[in-house]
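The values are calculated or read from the model by the stated rules, or taken from the named source; none is laboratory data. Every value quoted in this text rests on a predicted model; they were computed, and no experiment measured them. Here Cβ is always computed from backbone atoms with ideal geometry, including for glycine, and neighbour counts include all displayed protein chains.
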Amino acid sequence: MKRFLSAVVLLSALFLNSILSAADAIIEDVEEGGGGKVMPKVISRPPPLFPMSLLRSGAGGKVIVTFTVDEKGNVRDAVVTSSPQRQLNLYAVKAVGSWKFEPGTRDGQPASFRLRTAVEFATTAAETATNKTGKTPDGTPSAKRKPPVVYPYELVISGQPAWADASFVVDYVGRTLFTVSPASSNKAFGKAAVAMIEATEYNPGTRDTRRVMSPASEHFQYNGEASLDPESRRVLAELRKPKPAILAANELDERPKVLAQTAPTYPRALKDDGFTGQAEIEFIVSRDGTVMFPKIVSATHEDFGWAASVAVAQWRYQPPQKNGRAVEVRMTVPILFTAQKLAEAD
């Protein structure tokens, strides 16, 4: 029986080899900034296996996978950060795990890189074909820029697995409309999923060269520590201690400066109702200046809290230091959703 199933998977993979676009996937550097670096180069990128059962069911879409390419060019710590179908996650992770790279370098020395890519599963060749603008010709929108996945702080600390689905419509100019979380294992994660979709920039779908409004959906999965990169797992282990060795901002040599700051997306439901308000977000700045584990301290409306968390997760700081040594620091910032920002929102 096992041999039969293996044969089915293999035949499916061979059948889909010409219509799965993993070989054309764009690989992004998760760790922005930093000079003197040369990105890892792809040597081989086999397409993912796609079992016939999923092919017949019409399951498909892009699975976003974050992974590390180490100093020897090996792929490690591959995790799914967003997915349209839970059933595809395992095959996407296995596919990325089989990829081979020429190692990247920093200042001429082999170095590890944290990267992100989309592994695309499509049931027809037409679904994977794209035009020169990157828009899919069958009416399916594609993500142009995605924020990092924000998991509710309580889930991260507890390590409890959770999932959330998001349904939405992408309009003619790439804006998301009617975003809801129809199902989730955790209400807060459902709210976070809506905020992440609203903060994503999309290429609108096209049909016969015309832009069209397109329904879409996405699945987000949190698998405990397995969903985190090694550096995040190290900081999480510290956070779980009774007395974490994480400093306050006033204990540093100087308050770290913001190097990159993304404005929050005004929650559409609150924008349509004309609401203003604010949120206070607590987060950890890691030794390299990356923001980790945003937490809503307070918010005049829950949607403001999640929109602020998604924005802050994209910020980057000057690496915090104590006595000239890189350290982690806990910081808190207020985020205002004012009448002026409401007027400026699309």
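Comparison of 319, 294 shows that the only residue that is in a strand (DSSP E or B), of a type outside the set (Val, Ile, Thr) and either assigned by TED's automatic domain parsing to the domain that holds residue 145 or under 24 Å from the mean Cα position of the chain (by Cα) (or both) is 294.
Restricting attention to the stretch 74-97, the residues that are closer than 16 Å to residue 42 by Cβ, more than 15 Å from the chain's Cα centre (by Cα) and surrounded by 15 or more Cβ atoms within 10 Å (Cβ to Cβ) total 3. Looking across 279, 307, one residue alone is modelled with pLDDT of 95 or more, outside any strand (DSSP E or B) and surrounded by 16 or more Cβ atoms within 10 Å (Cβ to Cβ). It is 307.
Among the conditions (1) buried (at least 18 other Cβ atoms within 10 Å of the Cβ); (2) at pLDDT below 75, residue 24 misses just one, which is (1).
Selection of first residues in the stretch 67-84 that are closer than 14 Å to residue 233 by Cβ and not assigned by TED's automatic domain parsing to the domain that holds residue 222 and of second residues that are of a type in the set (Gly, Ala, Ser) and assigned to a loop (DSSP other than H, G, I, E, B), restricted to Cβ pairs under 8 Å at least 6 apart or on distinct chains, gives the following pairs, ordered by first then second residue: 68/112.
Sort out which residues of the stretch 196-218 are buried (at least 22 other Cβ atoms within 10 Å of the Cβ), assigned to a strand (DSSP E or B) and not small (Gly, Ala, Ser), and write them in order of number. Of everything in the stretch 196-218, those that are buried (at least 22 other Cβ atoms within 10 Å of the Cβ), assigned to a strand (DSSP E or B) and not small (Gly, Ala, Ser) turn out to be 202, 218.
When restricted to residues that are assigned to a helix (DSSP H, G or I) and within 14 Å of residue 287 (Cα to Cα), the stretch 245-276 contains 1.
For the stretch 61-97, a residue qualifies if it is assigned to a loop (DSSP other than H, G, I, E, B) and modelled with pLDDT of 90 or more, and the qualifying residues are 70, 71, 72, 73, 74. Taking every residue in the stretch 162-177 that is at positive phi and pairing it with any residue that is of a type in the set (S, T, N, Q), at least 6 positions away or on another chain, the pairs with Cβ-Cβ distances below 9 Å are 174/203.
Residues that are touching a residue at least 12 places away in the same chain (Cβ under 8 Å), surrounded by 14 or more Cβ atoms within 10 Å (Cβ to Cβ), in a strand (DSSP E or B) and not hydrophobic (A, V, I, L, M, F, W, C) occur at least once in the stretch 220-239.
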